[in-house]
Amino acid sequence: MQVPSMQRRNFIFLAALLILLFTVFHLHTSSNIIIDNHHTSSTNEIVYPSVDIQPLPSPSLPAIKDEQPIISSAPVIMDRPDPINNNDINENTSPSPQPPSISILPDNEPITILEEEDKEEEPSACETVNFNWLASDRKYWDGWASKAMFMSPEGNFTTKNVFIKEGQSICVVVLLGPIPAKSAIRPEEHLAPADSLVMTAIGQWTHLSITLQQHTRQTNLYFASVKFSHQDNYRLDTRIEYRSYFWETPSKHYYRPYRFLSTNKLIVKSLLQTSLPDLPPCTAKEMSGGEGAWMAKAEYQRTYPLDFYGMFGVAQEDHAVNNRLFVPNNCQPQYISLGQATQCLEGKTVHVWADNNVRRNLKVFSSGNRWCSDPTDVDCICNDDDENHEELYPWAVDPTTPLVINETWHANTQFYFNQVGSILSKDWKQEIKQTAASLDKADVVIINFGNDDIALRHMSPGRFADAFRGLLSYLVHEVYPMERIIVRTPQPFCCGTIYSTSWNAGRSEAFTKAVRDAVNEFPNILLWDVHRLGMASHMCVGIGGTSYTSRSVLNVENLQLWNLVCAP
């Protein structure tokens with residue numbers, strides 16, 4: 001056998017060595033890649049920037065004027081408030097630096113990328129707020145106690161008071177603690193958020209109801225962009241009524257509300273103009289459903305001394321509730337008197353399909369605001385069901401007997417009032433079609449469903465929404481194709497329960513949303529949105545045990561209606 005030469009043996013040895021080195025290098029590189037995928041270096045931990053502010057603990061709840069007392073309350077342990085340092089209240093104090101944008105998720109939860117149509121549609125004042133950090137921070141929020149706060153105008157978190165000018169918007173945020181129990185509600189599309197919250201911005205002169213929306217990813221976080229049109233010092237008064245969709249079936253859960261105030265205040269400063277802002281007149285839509293605030297009547301008269309809306313006293317055609325006037329945000333209120341409303345309705349026939357809430361509206365109108373004028377008569381103010389309607393108001397019990405507005409105003413206007421109940425209690429399509437054919441032809445139609453359905457525990461908001469949308473479509477196309485149709489929202493509700501019913505704030509909000517959504521599908525239908533007038537101090541649940549609002553609110557509701565009736 002031929003022995004290989006020394007040169008050939010050296011060549012083979014070098015080739016083998018190169019192959020071995022290549023293999024070792026390749027294995028080392030692969031090992032590094034795997035380690036990088038599974039190892040989190042301690043040097044990459046996110047360090048939040050230090051801030052020079054100190055957290056303020058949840059304040060105790062002082063008595064608030066014109067607010068209904070809490071009917072029931074769960075035992076709550078709240079932090080003892082420290083004395084407030086006046087040096088912290090400084091307009092020139094810079095807001096806290098905002099931590100880097102990061103979403104902290106559990107290791108076993110996959111990160112999903114939202115499609116364009118699924119992205120959070122955040123209001124303008126909340127666009128720069130870092131919601132992910134707010135929900136995950138544990139330096140200023142322990143994750144257990146619920147907190148409400150005003151963000152800075154730049155959208156930054158701060159424990160200091162916030163300063164803005166009249167007409168600016170600010171972002172308000174609520175952080176909720178863990179849910180008390182796991183929801184047994186089956187997965188479905190809901191018409192309202194999981195948690196039933198009632199928030200009011202309370203000022204010395206002005207009260208403002210705020211509707212919150214739930215964040216898509218951080219489900220324990222609620223927020224809203226709120227415009228503050230009037231100077232005042234505001235604090236957020238928040239009630240948690242139910243968690244985890246328990247408001248949908250309140251008969252199965254105890255009503256144990258938790259009420260708390262915001263950790264900071266909002267100071268809205270006057271623009272210091274020499275003349276009042278020249279606001280455009282409110283349209284019928286803005287008057288009947290636009291956002292606004294309840295301002296103390298004395299403050300309104302001081303701010304707008306020559307405005308007709310605030311000139312009336314109690315004995316006249318007053319529109320104050322608890323001595324406050326409802327003032328729209330972006331327009332000048334349009335006052336329409338009873339006499340002007342009657343002129344708009346002269347010679348017209350009105351078909352009314354509604355419950356007892358509209359009956360109360362009509363009793364005020366037909367009496368020239370004299371019905372139930374005694375503020376000490378609690379039964380009358382909050383519950384007129386026991387009145388002798390057969391004798392005093394035959395039109396309220398007999399659909400064929402119209403309410404005629406003629407003797408006093410000489411208008412020859414007829415209201416045919418038809419009492420309705422739950423939307424599923426009968427075939428309302430055929431009932432309305434047959435009855436409408438037997439009455440004088442309508443010029444105006446008023447529709448009001450939902451209040452009786454809110455009270456029923458077996459009626460879900462989704463089921464009501466489908467039935468109401470179908471009924472409204474039928475009326476528009478088959479019964480009243482040419483008439484002016486006005487749809488009234490369900491009642492606002494807050495701060496209590498009614499025995500043997502399912503009334504609560506969450507259901508009221510959800511059923512109202514169902515009505516608003518249905519009306520939006522028909523451009524020619526007008527929305528009478530009495531729900532936007534709702535405030536805790538207006539409710540009768542703690543006084544008369546009913547879902548009615550107090551008698552004085554009816555004047556404001558009728559003013560909304562007259563703007564719709566008299567609209568061109």
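The values are calculated or read from the model by the stated rules, or taken from the named source; none is laboratory data. If you're wondering where the values come from, they're calculated on a predicted model, not measured in any experiment. Reconstructed Cβ throughout: ideal geometry from the backbone, glycine too, with neighbour counts over all protein chains shown. Areas reflect the complete protein model, heavy atoms only, side chains present, ligands, DNA and RNA absent. Shrake-Rupley method; radii C 1.70, N 1.55, O 1.52, S 1.80 Å.
From the list Q491, Q430, the one residue that fits, being at pLDDT 95 or above and closer than 21 Å to G545 by Cα, is Q491. Within the stretch 227-257, being surrounded by fewer than 18 Cβ atoms within 10 Å (Cβ to Cβ) and assigned to a helix (DSSP H, G or I) holds for S251, K252. Strands (runs of 3 or more DSSP E) fully within the stretch 377-450 that include at least 2 residues being exposed (fewer than 14 other Cβ atoms within 10 Å of the Cβ): none found. Cβ-Cβ distances below 8 Å connect the following pairs, each with a first residue in the stretch 276-295 that is assigned to a strand (DSSP E or B), a second residue that is open to solvent by 20 Å² or more (accessible area, probe 1.4 Å) and among the small types (G, A, S), and a separation of six or more residues or different chains: A293/S229. The set of residues in the stretch 451-469 that are in a helix (DSSP H, G or I) and either among the polar types (S, T, N, Q) or in contact (Cβ under 8 Å) with a residue 40 or more places away in the chain (or both) comprises N451, D452, D453, I454, A455, P461, G462, F464, A465, A467, F468, R469. Among the residues of the stretch 153-164, the ones that are at pLDDT 95 or above and either among the hydroxyl-bearing types (S, T, Y) or over 21 Å from D137 (Cα atoms) (or both) come to 2 in all. The residue that is surrounded by the fewest Cβ atoms within 10 Å (Cβ to Cβ), counting only those in the stretch 196-217 that are over 18 Å from G534 (Cβ atoms) and in contact with a strand residue (DSSP E or B) (Cβ under 9 Å, 6 or more places away or on another chain), is Q204.
Residue check: is S537 within 21 Å of I336 (Cβ to Cβ), part of a helix (DSSP H, G or I) and at pLDDT below 95? No, not satisfied.
Table: residues versus (1) open to solvent by 30 Å² or more (accessible area, probe 1.4 Å); (2) of a type in the set (G, A, S); (3) in contact with a strand residue (DSSP E or B) (Cβ under 8 Å, 6 or more places away or on another chain).
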residue: S508; (1), (2), (3): no, yes, no
residue: T512; (1), (2), (3): no, no, no
residue: V553; (1), (2), (3): no, no, yes
residue: N563; (1), (2), (3): no, no, no
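Within the stretch 211-226, the set of residues being more than 11 Å from the chain's Cα centre (by Cα), outside any strand (DSSP E or B) and touching a residue at least 40 places away in the same chain (Cβ under 8 Å) comprises H215, T216, R217, Q218, N220. Figure legend. Inter-residue proximity from the stretch 251-265: first residues closer than 25 Å to S152 by Cβ and at pLDDT below 90, second residues part of a loop (DSSP other than H, G, I, E, B) and among the polar types (S, T, N, Q), beta-carbon distance below 7 Å, spacing 6+ or different chains. Indicated pairs: T263/S58; T263/T159. Filter the stretch 304-336 down to residues that are farther than 24 Å from C566 by Cα and surrounded by 17 or more Cβ atoms within 10 Å (Cβ to Cβ) and give me whichever is modelled with the lowest pLDDT. So the residue we want is Y304. In the set (1) of a type in the set (S, T, N, Q); (2) out of contact with any Asp or Glu (no Cβ under 7 Å at 6 or more places or on another chain); (3) at pLDDT 95 or above, T400 fails one condition alone, (3). Selection of the stretch 514-534 for residues being part of a helix (DSSP H, G or I) and open to solvent by less than 20 Å² (accessible area, probe 1.4 Å) yields A514, V515, A518, V519, V530, L533. Reported count of residues in the stretch 438-485, each being touching a helix residue (DSSP H, G or I) at 6+ places or on another chain (Cβ under 6 Å) and of a type in the set (D, E), is 1.
Please specify each residue of the stretch 403-427 satisfying the condition of being at pLDDT 95 or above and β-branched (V, I, T). Once the filter is applied, which keeps residues that are at pLDDT 95 or above and β-branched (V, I, T), the stretch 403-427 yields V420, I423.
Which of the residues belonging to the stretch 347-376 are surrounded by fewer than 14 Cβ atoms within 10 Å (Cβ to Cβ) and of a type in the set (D, E, K, R)? Hits for the stretch 347-376 are R370, D374. Return a yes/no flag: does the stretch 479-486 have any residue that is within 30 Å of E346 (Cβ to Cβ), part of a loop (DSSP other than H, G, I, E, B), of a type in the set (A, V, I, L, M, F, W, C) and touching a residue at least 40 places away in the same chain (Cβ under 8 Å). No. Candidates in the stretch 266-275 are the residues that are of a type outside the set (A, V, I, L, M) and part of a loop (DSSP other than H, G, I, E, B); of these, the one that is modelled with the lowest pLDDT is T274.
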